[in-house]
Amino acid sequence: MHAGNEGMNVRLQTVIGVLVGGSVTSLAIVGFHWLVRYSLAPRRVLEQRTPADLGLPHRPVQIPTANGRSLFAWFVPAATDRAPAMALLHGWGGNADTLLPLAGPLHKAGFGVLLFDARCHGRSDADTFMSMPRFAEDLEHALAWLREQPSVVPHGVGVIAHSVGAGAALLVASRSHDVAALVSIAAFAHPAQMMRRLLASKHIPYMPFGWYILRYVQHAVGYRFDDIAPIATIGRVRCPTLLVHGTEDATVPVTEAYAIYGARSGDHVQLKIIAGSHDDYGNLERQVDTLVTFLRGAVSALGPAAPFTDG
């Protein structure tokens, strides 16, 4: 463990000592940390639909990921071989069903589609805890799996992701040159801001409890929030990127979309503001032609691939 992390751990234990009246034991520390992780853990919800309900050909697959875990996924192959493909990633507490309404239009437009559950979500394996960087790990393994499929053109693999998944997708794209295109839906600008809103909604005062919880979570995740925040990673993303956000989003205010867009580093990033809330995809589905046009343009710019279909 680095000296900086050791120093942080000592400070965190000191804060706990103050909170429990100076009588700190290892059991109290472990118990408090368990309570934080338990209260912030995603609620596991199983899928209620499958691609078959939309008349889509598909097969269930298992994708290996970090820590020896496995991800549950549906793969919807394109109608033609050597076609581009999109990995669709849900947000916190979601599953492969979350973005399923987009699978039909994408398949019709000539894309293969991979919908998968992140760890601790849907039917995927559990792990010790979940975080945005772990969402990113799962996405990286899902993208690698897609590129290995004989029916997929490897340089035409992109991502559509929502909320925490969108933040993870921006993190992946910021450190990889292999993402063909990215659609980020309702991403927050900074994890600390998002967590402070969550704690406030649970009536947890920032000082001293919220302050400690944020620092413990950052320590447990293993990354500085400032380094993985979408407002920071967007500047390092080089692939064509479309930021989509709803005007009535009460979970992540639309101002955060403008903040992320303002931190971009080039014209390859676009912003699309639509009507709708954080989890309402009705308006997004009405914008699907915009998404398809954006993705087609991004993939076509990479070079020859299988022709798109309109039928």
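The values are calculated or read from the model by the stated rules, or taken from the named source; none is laboratory data. Not measured: the values here are computed from a predicted model. Glycine gets a Cβ as well: all are built from the backbone with ideal geometry, and neighbour counts include every protein chain shown.
Looking only at the stretch 101-116, how many residues end up being within 15 Å of the chain's Cα centre (by Cα) and without any contact (Cβ under 8 Å) to a residue 60 or more places away in the chain? Steps first, please.
First, the residues of the stretch 101-116 that are within 15 Å of the chain's Cα centre (by Cα): 114-116.
From the residues that got through so far, the ones that are without any contact (Cβ under 8 Å) to a residue 60 or more places away in the chain too are 114, 116.
Going through the stretch 101-116 one residue at a time, the tally reaches 2.
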message: Considering only residues that are outside any helix (DSSP H, G or I) and at pLDDT below 75, which ones fall in the stretch 257-301?
response: Tyr281
task: Look at the stretch 127-148 and say how many of its residues are out of contact with any Lys or Arg (no Cβ under 7 Å at 6 or more places or on another chain) and over 15 Å from Ala168 (Cα atoms).
output: 6
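Residue-wise test of (1) touching a helix residue (DSSP H, G or I) at 6+ places or on another chain (Cβ under 7 Å); (2) at pLDDT 95 or above; (3) assigned to a loop (DSSP other than H, G, I, E, B); (4) small (Gly, Ala, Ser).
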site: Arg119; (1), (2), (3), (4): yes, yes, yes, no
site: Asp125; (1), (2), (3), (4): no, yes, yes, no
site: Phe129; (1), (2), (3), (4): yes, no, yes, no
site: Pro133; (1), (2), (3), (4): yes, yes, no, no
site: Glu137; (1), (2), (3), (4): yes, yes, no, no
site: Glu140; (1), (2), (3), (4): yes, yes, no, no
site: Trp145; (1), (2), (3), (4): no, yes, no, no
site: Gln149; (1), (2), (3), (4): no, yes, yes, no
site: Val157; (1), (2), (3), (4): yes, yes, no, no
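Can you tell me how many residues within the stretch 150-170 are buried (at least 18 other Cβ atoms within 10 Å of the Cβ) and over 11 Å from the mean Cα position of the chain (by Cα)? Steps first, please.
Just the residues of the stretch 150-170 that are buried (at least 18 other Cβ atoms within 10 Å of the Cβ), to begin with: 152-153, 156-170.
Retained after the next criterion (residues that are over 11 Å from the mean Cα position of the chain (by Cα)): 152-153, 156-158.
Adding up the residues that qualify gives 5.
Matching residues to (1) without any contact (Cβ under 8 Å) to a residue 60 or more places away in the chain; (2) surrounded by fewer than 18 Cβ atoms within 10 Å (Cβ to Cβ); (3) in contact with a helix residue (DSSP H, G or I) (Cβ under 9 Å, 6 or more places away or on another chain); (4) within 22 Å of Phe129 (Cβ to Cβ):
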residue	(1), (2), (3), (4)
Arg197	yes, yes, no, yes
Pro208	no, yes, yes, no
Tyr216	no, no, yes, yes
Ala220	no, yes, yes, yes
Phe225	yes, no, yes, yes
Val237	no, no, yes, no
message: Between a residue in the stretch 153-165 that is assigned by TED's automatic domain parsing to the domain that holds Asp117 and any residue that is among the basic types (Lys, Arg), which pairs come within a Cβ distance under 7 Å, given they are 6 or more apart or on different chains?
response: Val153/Arg82; Pro154/Arg147; Val157/Arg147
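Condition test on Leu56, is it farther than 22 Å from Ala169 by Cα and surrounded by 15 or more Cβ atoms within 10 Å (Cβ to Cβ)? Write out each step before concluding.
Working: farther than 22 Å from Ala169 by Cα: yes; surrounded by 15 or more Cβ atoms within 10 Å (Cβ to Cβ): yes.
When the stated conditions are applied, Leu56 passes them.
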statement: In the stretch 62-91, residues that are surrounded by fewer than 21 Cβ atoms within 10 Å (Cβ to Cβ) and closer than 19 Å to Asp279 by Cα total 0
